[in-house]
Amino acid sequence: MFFHAHPDDEALLTAGTMAMLAAEGHRVVLVVATSGERGQADVEPGEALGATRMAELYASAAALGCARVVNLGYADSGLAPGGGVADDRPDGAFIDADVEEAAGRLAAVLTEEKADLLTTYDPAGGYGHPDHVQVHRVGGRAAEIAGTAIVLEATVNRDPLLRGLRLARRFYPQLDIRAFERAYSPGDVITHRVAVRRFARQKRASMAAHASQATGADTRTLGVMLKIPRPLYRLIFGTEWYVRRDAPLGSRLRHPFEVPPKG
């Protein structure tokens, strides 16, 4: 089961792994906390945008081979202009949800699916979006409640990310990479480096499904990524990274179900 905050988060962080596991015959379930109704897009934020983004999520899930999509139904917390928690967030915002209550709802899906593995986010929520931080809290607790054996924190190895973005900036000099310079996780804490180049087509299709998130601002990260030439795309997005907290530091695992060495 792959737990994300908003539609399109799965495309950016875990799509290759999802496609790989589906191709191996695993039942892959995608869960989002919100419909992403406060994202930037040409459609005004609100119910209509949420419906658009959920339709895009189903298209992405189909491209990846997912068996089921679940929306926990919380409101998108949005972002303050300078980042962090928005003051004008709606009632029922995911960031304001009681962790035990939200974790119980997610745990019910884990139990129903008899899930062997759950992905969440790292403690910083990747780039710090409050809903992503809440995914870390809720996901970890849900796994405890349900007794899910494997919990992987989806993240990005900061070092190759910055190298790739600096290369992309040669083609798109307007790309601002400052927000990524302290985001995600350093390489020395990452336990899983999952090779997904063989599933670059599915990952790119997952990104392309989220068309609303490639527009609506001067420079949208997703829009820039989709313009990267395909050979370079395979190189940049050919690995997905995870942290398994109960694996020994320095583990270099290649598959989500690979057994960690004894510490």
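The values are calculated or read from the model by the stated rules, or taken from the named source; none is laboratory data. All values derive from a computational prediction rather than experimental measurement. In this analysis, Cβ positions are derived from the backbone assuming ideal geometry, glycine residues included, and neighbour counts consider all displayed protein chains. The area values use the complete protein model at the heavy-atom level, side chains included, leaving out ligands, DNA and RNA. Shrake-Rupley method; radii C 1.70, N 1.55, O 1.52, S 1.80 Å.
A few comments on the model shown:
- Only one of the numbered conditions (1) part of a helix (DSSP H, G or I); (2) surrounded by 15 or more Cβ atoms within 10 Å (Cβ to Cβ); (3) of a type in the set (A, V, I, L, M) is violated by VAL70, and that is (1).
- Total residues in the stretch 123-136, condition within 12 Å of ASP96 (Cα to Cα) and either of a type in the set (Lys, Arg) or touching a Pro at 6+ places or on another chain (Cβ under 8 Å) (or both): 1
- Options PHE237, PHE257: the member that is surrounded by fewer than 19 Cβ atoms within 10 Å (Cβ to Cβ) and among the aromatic types (Phe, Trp, Tyr): PHE257
- Residues that are out of contact with any Asp or Glu (no Cβ under 7 Å at 6 or more places or on another chain) and surrounded by 15 or more Cβ atoms within 10 Å (Cβ to Cβ), drawn from the stretch 109-122: VAL109, LEU110, GLU113, ALA115, LEU117, LEU118, THR119
- Qualifying helices (runs of 4 or more DSSP H) (wholly inside the stretch 157-263; at least 1 residues being among the basic types (Lys, Arg)): 158-171, 200-209, 230-236
- Sole residue being closer than 23 Å to VAL243 by Cα, surrounded by fewer than 21 Cβ atoms within 10 Å (Cβ to Cβ) and not hydrophobic (A, V, I, L, M, F, W, C), chosen from GLU24, GLU101, GLU47: GLU24
- Once the stretch 214-243 is narrowed to residues that are within 14 Å of the chain's Cα centre (by Cα) and more than 18 Å from ARG166 (Cβ to Cβ), the residue that is modelled with the lowest pLDDT is LEU222.
- So ASP98, is it at pLDDT below 95 and charged (D, E, K, R): no
One line per residue, one yes/no per condition, for (1) open to solvent by 60 Å² or more (accessible area, probe 1.4 Å); (2) farther than 26 Å from GLY83 by Cβ; (3) acidic (Asp, Glu):
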residue: ASP131; (1), (2), (3): no, no, yes
residue: VAL135; (1), (2), (3): no, no, no
residue: GLU144; (1), (2), (3): yes, yes, yes
residue: ALA149; (1), (2), (3): yes, yes, no
residue: ARG166; (1), (2), (3): yes, no, no
residue: PRO173; (1), (2), (3): yes, no, no
residue: ALA179; (1), (2), (3): yes, no, no
residue: VAL196; (1), (2), (3): no, yes, no
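- Test: residue in the stretch 52-64 that is within 18 Å of the chain's Cα centre (by Cα), closer than 24 Å to GLU144 by Cα and surrounded by 20 or more Cβ atoms within 10 Å (Cβ to Cβ): no
- Some residue of the stretch 133-153 being in a loop (DSSP other than H, G, I, E, B), in contact with a helix residue (DSSP H, G or I) (Cβ under 8 Å, 6 or more places away or on another chain), modelled with pLDDT of 90 or more and not basic (Lys, Arg): yes
- Tabulated pairs, the stretch 1-29, first in contact (Cβ under 8 Å) with a residue 40 or more places away in the chain, second acidic (Asp, Glu) and open to solvent by 10 Å² or more (accessible area, probe 1.4 Å), C-beta under 6 angstrom, 6+ apart or interchain: PRO7/GLU56; VAL29/GLU113
- Yes/no for ARG158 being of a type in the set (D, E, K, R) and under 19 Å from the mean Cα position of the chain (by Cα): yes
- Scope the stretch 204-263; condition touching a residue at least 24 places away in the same chain (Cβ under 8 Å) and small (Gly, Ala, Ser); matching residues: ALA205, SER206, ALA209, ALA211, SER212, GLY216, ALA217, GLY238, ALA247, GLY250, SER251
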